[in-house]
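The values are calculated or read from the model by the stated rules, or taken from the named source; none is laboratory data. Predicted, not measured: the structure shown is a model, and the values here were computed from it. Cβ atoms come from the backbone with ideal geometry, glycine included; neighbour counts cover every protein chain shown.
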Amino acid sequence: VWPGQSCGRCRYCRNNRENLCEEMKIIGFHSDGGFSDRITVPQGSLIPVEQDIRPQLLCFAEPVGCVLNPFSAAKVQPGETIIIYGGGVVGMIAALACHDLGAVALVIENNAEKIARLKHFSAETGIEICKDTRAGDFDLAINTCDSPMALGLCITKLCKGGRLCYFSGLEKNSKMDTNLLNLIHYKELRVFGSYGPRKEHMAMALPFIARQAGKLSLLIEKIIAPEDAPGLMQDVLSARPLKYIIDFSGTTKPTQRPAAIKEKTMKADAQPHSARTHSLDTILASIQAPDETIRPAATQKIDFKTKPLGALGKIEHLAIRLSVIQNSLNPTVDRKQMFVFAGDHGVTEEGVSAFPSSVTEQMVLNFLSGGAAINVFCKQYNIDLAVVDMGVRADLDDHPLLIKQKVRKGTRNFAVERAMIREETMQAIENGAQTFLEMKAEKGCDLVGMGEMGIGNTTAASAIISCVAGLPVAEVSGRGTGIDDKGLERKIEVIEKALTLHKPNPEDGLEILSKIGGFEIAGMCGAILAAASTRTCIVLDGLISTAAGLIASLICPEIKGYLISGHTSVETGQQAALKMMGLGPVIDLDFRLGEGTGAAITMDLVELACRVMREMASFEEAGVDEKN
């Protein structure tokens, strides 16, 4: 079965390049079926097997097809020298394909254990496998591993005019030396990419498998029963073993799982409960909804100011809200605090942002040096600023504005796995709570704003809001940092896939955060809960902090009375989340920056509202006649 399902209509399909289809759906990635014993697929995806091949060896058809794709483009000639970096199964198939074409292949693999596993394969095929080589001037180089260093070595080992096959994608968010890339220019190298197989390549793979059946068999680590697969996944992810084949025929009997593996799996499946959980429980137990008893008196006081009824619009609503929160007819804002919670997101691997994830670190450094918009806004409105590292991939140096609360260097890619394990979620929430409570105890705080920074976090926030609100992903997803139409389509597709994969309970805030959240979102959630526990007013910013507020309100509905929505974001999902919390934004300036910029403006308006409540005269105090 060719694992792709192409549209047959786009320009790539029409030009027989269906592996690049604009609407490609891959079994096991976009839809279930990668490990199914039976599946329904389009007839066009079926490839007839006319050769006499052992069924288990047909599992090599897809990886062999992947290798034959670049070899067709490279036009490998007999006698050419080829260097392959990466001695995994695919690398060895590539070497075997070179051998099949009469070329001479050298495989570089830095793992001695893997080289030892390939001893019999090397002896049978005559293919040399080693950890390094001084040889150079190769005609063709192929990277079959995700190491940037390996790709760089491919470039250095090529002769002038050589060909570079960019076969394997590189490790996410890694960097390369541009001096190496300049060698492509100086050597006049020809570079071509290769992405998956076309149907014709898998058809070509079948006679190859028939010819090389004995040698391919040496790449099989073990044929296993389906019941054995879960216990071997960690071994597979280590990249040490060769190829495991799952036999659904029933002829392969499951082995008894070792006690150590069973115990390890049970521990991994269990939801850990640490001492930190109790501290969150303590915070939650101390949260009470604002006492509404004072509202009529506060409303009367603002109504009797020297103005027409309701003439100050939202300022009046803010004044009443602060009176209720502080349980005082003379609310005050003596100290304002802005937190910018920062964290990286694994889901950026899916191409959901217009900017690389490295921008998260760069912007954090910009905050610390005073050059960002939020620095200017906080200076203008006399707001104290702190940047909280919840999960930035980089190791940040100490700085007076920086609070280090890192849980992990970025979340995992929630398109393929949980963003964080439950223990990390709890730690992130409690780190955020601790950040607020320590600041409150040390300096005091009457008003706190929630800002954020994290490339990819609009994807997480949109996923959260879609889940909780029960709305279609397309209705709550925007362009974030400025992605184009294709990028928006991709973003929606990724979120839909993640929600289908994880099926988070829309009423369980902790589960939602664990599966599709972000560390900075969890940190804001914790800070919101902690602020509410101290009867402190909280000003949300845009989409991301609103999603954090939504999660906090799921965990503890009583916090809603302490929330103020700072501004209207151009991100469509924000309005859905605000509606669920019964909130309306104070201002609308077409902002979509984040950082807490919209919240900062509203914090100043909140302070103004408190001053109006305290200092503006009533009709009686001013000796002004009221309206009849």
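At a glance:
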{"read-out": "Selection within the range 93-117 - over 19 Å from Val67 (Cα atoms) and touching a residue at least 24 places away in the same chain (Cβ under 8 Å)", "value": "Asn111, Glu113, Lys114, Ile115, Arg117"}
{"read-out": "Subset tally (residues that are touching a residue at least 40 places away in the same chain (Cβ under 8 Å) and either of a type in the set (Lys, Arg) or farther than 17 Å from Ala94 by Cα (or both)) for the range 176-204", "value": "3"}
{"read-out": "Hits in the range 285-296 (condition: touching a helix residue (DSSP H, G or I) at 6+ places or on another chain (Cβ under 8 Å) and either in a loop (DSSP other than H, G, I, E, B) or loosely packed, with under 13 Cβ neighbours inside 10 Å (or both))", "value": "Ser286, Ile287, Gln288, Ala289, Pro290, Asp291, Glu292"}
{"read-out": "From Ala150, Ala210, Ala123, residue being in a helix (DSSP H, G or I) and under 23 Å from Ala61 (Cβ atoms)", "value": "Ala210"}
{"read-out": "Helices (runs of 4 or more DSSP H) enclosed by the range 304-406 - at least 3 residues per element that are surrounded by 19 or more Cβ atoms within 10 Å (Cβ to Cβ) and touching a strand residue (DSSP E or B) at 6+ places or on another chain (Cβ under 6 Å)", "value": "358-369"}
{"read-out": "Selection count, the range 576-626, where residues are farther than 18 Å from Ser323 by Cα, in contact (Cβ under 8 Å) with a residue 60 or more places away in the chain and in contact with a Pro (Cβ under 8 Å, 6 or more places away or on another chain)", "value": "0"}
{"read-out": "Unmet criterion (only one of (1) closer than 25 Å to Glu221 by Cα; (2) of a type in the set (Gly, Ala, Ser); (3) under 32 Å from the mean Cα position of the chain (by Cα); (4) not in a loop (DSSP other than H, G, I, E, B)) for Ala105", "value": "(3)"}
{"read-out": "Flag for Gly432 being under 26 Å from Phe29 (Cα atoms) and crowded, with 20+ Cβ neighbours inside 10 Å", "value": "no"}
{"read-out": "Residue within the range 5-24 that is part of a strand (DSSP E or B), within 18 Å of Ala203 (Cβ to Cβ) and touching a strand residue (DSSP E or B) at 6+ places or on another chain (Cβ under 8 Å) present", "value": "yes"}
{"read-out": "Qualifying position, being over 20 Å from the mean Cα position of the chain (by Cα), small (Gly, Ala, Ser) and more than 30 Å from Thr360 (Cα to Cα), among Gly566, Gly582, Gly596", "value": "Gly582"}
{"read-out": "Output for the range 132-170, where each listed residue is loosely packed, with under 13 Cβ neighbours inside 10 Å and under 30 Å from Lys409 (Cα atoms)", "value": "Gly169"}
{"read-out": "Selection count where residues are without any contact (Cβ under 8 Å) to a residue 60 or more places away in the chain and over 15 Å from Phe339 (Cα atoms), scope the range 393-416", "value": "5"}
{"read-out": "Evaluation of Ser466 against (1) outside any helix (DSSP H, G or I); (2) over 25 Å from Asn173 (Cα atoms) (one fails), failing number", "value": "(1)"}
{"read-out": "Helices (runs of 4 or more DSSP H) wholly inside the range 528-628 that include at least 3 residues being in the same structural domain as Ala463 (by TED's automatic domain parsing), under 27 Å from Gly517 (Cβ atoms) and small (Gly, Ala, Ser)", "value": "543-555, 573-581, 597-615"}
{"read-out": "Test: residue in the range 7-17 that is of a type in the set (Lys, Arg), under 20 Å from Gly193 (Cα atoms) and either in contact (Cβ under 8 Å) with a residue 60 or more places away in the chain or surrounded by 12 or more Cβ atoms within 10 Å (Cβ to Cβ) (or both)", "value": "yes"}
{"read-out": "Thr255 of a type in the set (Val, Ile, Thr), touching a helix residue (DSSP H, G or I) at 6+ places or on another chain (Cβ under 7 Å) and at pLDDT below 95", "value": "yes"}
{"read-out": "Some residue of the range 76-95 being in a helix (DSSP H, G or I), more than 32 Å from the chain's Cα centre (by Cα) and polar (S, T, N, Q)", "value": "no"}
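Conditions (1) surrounded by fewer than 24 Cβ atoms within 10 Å (Cβ to Cβ); (2) touching a Leu at 6+ places or on another chain (Cβ under 9 Å), marked per residue:
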residue: Ile544; (1), (2): no, no
residue: Tyr562; (1), (2): no, no
residue: Gln575; (1), (2): yes, no
residue: Gly584; (1), (2): yes, yes
residue: Glu595; (1), (2): no, no
residue: Glu621; (1), (2): yes, no
residue: Asp625; (1), (2): yes, no
